[in-house]
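Colleague: Dropping a structure here in structure tokens format, bear with me for questions.
The values are calculated or read from the model by the stated rules, or taken from the named source; none is laboratory data. Only a predicted model underlies this, so the values are computations on that prediction, with no experimental measurement involved. Heads up, the Cβs are rebuilt from the backbone with ideal geometry, glycines too, and the neighbour counts pull from every protein chain shown. Accessible surface areas use protein heavy atoms only, side chains included; no ligands, DNA or RNA. Shrake-Rupley method; radii C 1.70, N 1.55, O 1.52, S 1.80 Å.
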Amino acid sequence: MRTHDRLRIAIQKSGRLSDPARDLLARAGLSFRESRDRLFCYGESLPIDLLLVRDDDIPGLIAEGACDLGVVGGNVLEEQACERLADGRGEAFRPIRELGFGRCRLSVAVPNDWEWTGPQRLAGLRIATSYPQLMARWLREQGVEATPVMLSGSVEIAPRLGKAEAICDIVSTGGTLMANQLKEVAVILESQALLVAPSQPFGDERAELAAMLLRRLDAVMSVRASKLVLFQAHRDQVAELVKLLPDAETPTVMAIEGQRDQVALQALCRSAMTWQRLEDMKRAGASGLLVLPVEQMLA
Ligand code: ATP
Ligand code: ZN
């Protein structure tokens, strides 16, 4: 029986979510000593340990109480939540934070040369997928009856192999679809990595540890999106330029030695600065634009 004065977090052992998850936890001040088998990492800086597993096992581990928190894609979580609902097992886990990485979508794709007239186009056809629950839910919502073909991997080659007419799979850039002469025609679910917790509160020492971890993660995530923007401009252009800054807090305006009309500005922006935005600012009179990452922030 495990003690409940330590918190155990399940993350993907190796795959797209492993590095960003470990990086996020490291930024929140967690460090680990890895075991030889690399399945369990003992928390050194805090009583928070890691379990390294396949992403598909994470919701189940939380449901069974073998882990306290987990990092998993919304696609996997929703699929398994639907599955539990379908066989009457009841809710056992829930997402508590969106983590901002592992973004992708679950989409329906069909051969390039099809004319897409809407979901009805799929009626009576075979659709290959690894997400039977989410696909069935979407088909129900659309009032379409189609035959699911369950595949656990390489879904995108099913049409070429003659196993299915269409597919329902994870897409991020669309490169894989294009390489297989398929086109995306409907998005079923927008997904990103989520922090997952049991539906029932901990009710012991773990509650406090989890609350502390959440406070730190929130701080890390808000810093991550923030940028410090520095530039110079003519006094008369300041008001106009400030409007162009993305989610900026009131900027600091400083005098420049020896120049009466020019000022230097410094602003903390809470969302991403795009090239487009920088060019707009330059056109509106800003010069010497600098965008700096924010390392730490204590409000
Ligand atoms: P495991 O061995 O842990 O089962 P896996 O092959 O299921 O690994 P990965 O391919 O590493 O998993 O993907 C993990 C998660 O990353 C996906 O469930 C999804 O949430 C997210 N993801 C982001 N972009 C993509 C993408 N282009 N293709 C697949 N998954 C993506
Ligand atoms: Zn997986």
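Colleague: Has the range 15-27 got any residue that is open to solvent by 20 Å² or more (accessible area, probe 1.4 Å), charged (D, E, K, R), under 18 Å from the mean Cα position of the chain (by Cα) and within 16 Å of ligand 2 (Cβ to nearest atom)?
Modeller: yes
Colleague: Hey, another quick one. Is it the case that the range 91-104 has a residue that's over 30 Å from L213 (Cα atoms), surrounded by fewer than 17 Cβ atoms within 10 Å (Cβ to Cβ) and either in the same structural domain as A21 (by TED's automatic domain parsing) or not hydrophobic (A, V, I, L, M, F, W, C) (or both)? Can you show your working first?
Modeller: Our first condition is that a residue be over 30 Å from L213 (Cα atoms); within the range 91-104, this holds for none.
Scanning the range 91-104 turns up no residue that is over 30 Å from L213 (Cα atoms), surrounded by fewer than 17 Cβ atoms within 10 Å (Cβ to Cβ) and either in the same structural domain as A21 (by TED's automatic domain parsing) or not hydrophobic (A, V, I, L, M, F, W, C) (or both).
Let's see how each residue does on (1) among the hydrophobic types (A, V, I, L, M, F, W, C); (2) open to solvent by 20 Å² or more (accessible area, probe 1.4 Å):
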residue: T147; (1), (2): no, yes
residue: S152; (1), (2): no, yes
residue: A166; (1), (2): yes, no
residue: L182; (1), (2): yes, no
residue: S191; (1), (2): no, no
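Colleague: Can you tell me which residues in the range 24-39 are within 16 Å of ligand 1 (Cβ to nearest atom) and modelled with pLDDT under 95?
Modeller: Let us first name the residues in the range 24-39 that are within 16 Å of ligand 1 (Cβ to nearest atom), namely 24, 38-39.
Correct list: R38, L39.
Colleague: Return yes or no: is V110 open to solvent by less than 20 Å² (accessible area, probe 1.4 Å), within 20 Å of the chain's Cα centre (by Cα) and either within 16 Å of ligand 1 (Cβ to nearest atom) or at pLDDT 95 or above (or both)? Let's see the steps before the verdict.
Modeller: On the way: open to solvent by less than 20 Å² (accessible area, probe 1.4 Å): yes; within 20 Å of the chain's Cα centre (by Cα): no; either within 16 Å of ligand 1 (Cβ to nearest atom) or at pLDDT 95 or above (or both): yes.
Answer is no for this residue.
Colleague: Now for a different question. If we scan the range 193-202, do we find a residue that is open to solvent by less than 30 Å² (accessible area, probe 1.4 Å) and under 30 Å from P119 (Cα atoms)?
Modeller: yes
Colleague: May I pose another question? Within the range 4-55, which strands (runs of 3 or more DSSP E) (wholly inside it) include 1 or more residues that are free of Cβ contacts under 8 Å to residues at least 12 places away in the same chain?
Modeller: Details: elements: 7-12, 32-34, 40-43, 48-53.
Counting at least 1 such residues, we get 32-34, 40-43.
Colleague: Right, next: For residues that are among the hydrophobic types (A, V, I, L, M, F, W, C) and open to solvent by less than 70 Å² (accessible area, probe 1.4 Å), scanning just the range 240-255, find the one that is nearest to L268 (Cα to Cα). Please lay out each step first, then the result.
Modeller: Keep residues of the range 240-255 that are among the hydrophobic types (A, V, I, L, M, F, W, C), which gives 241-242, 244-245, 248, 253-255.
Add one more test, that the residue is open to solvent by less than 70 Å² (accessible area, probe 1.4 Å), and what stays is 241-242, 244-245, 248.
Numbers: L241: 14, V242: 11, L244: 13, L245: 9, A248: 6 Å.
The extreme case among them is A248.
Colleague: Within the range 40-68, which residues are of a type in the set (D, E, K, R), more than 15 Å from ligand 1 (Cβ to nearest atom) and buried (at least 19 other Cβ atoms within 10 Å of the Cβ)? Give the steps one after another, and end with the answer.
Modeller: The first filter runs over the range 40-68 and keeps only residues of a type in the set (D, E, K, R), leaving 44, 49, 54-57, 64, 68.
Narrowing the set further to residues that are more than 15 Å from ligand 1 (Cβ to nearest atom) leaves 44, 49, 64, 68.
Scanning the range 40-68 gives D49, D68.
Colleague: Of the residues that make up the range 210-225, is at least one touching a residue at least 12 places away in the same chain (Cβ under 8 Å), over 27 Å from A26 (Cβ atoms) and open to solvent by less than 40 Å² (accessible area, probe 1.4 Å)?
Modeller: Taking every residue of the range 210-225 in turn, none turns out to be touching a residue at least 12 places away in the same chain (Cβ under 8 Å), over 27 Å from A26 (Cβ atoms) and open to solvent by less than 40 Å² (accessible area, probe 1.4 Å).
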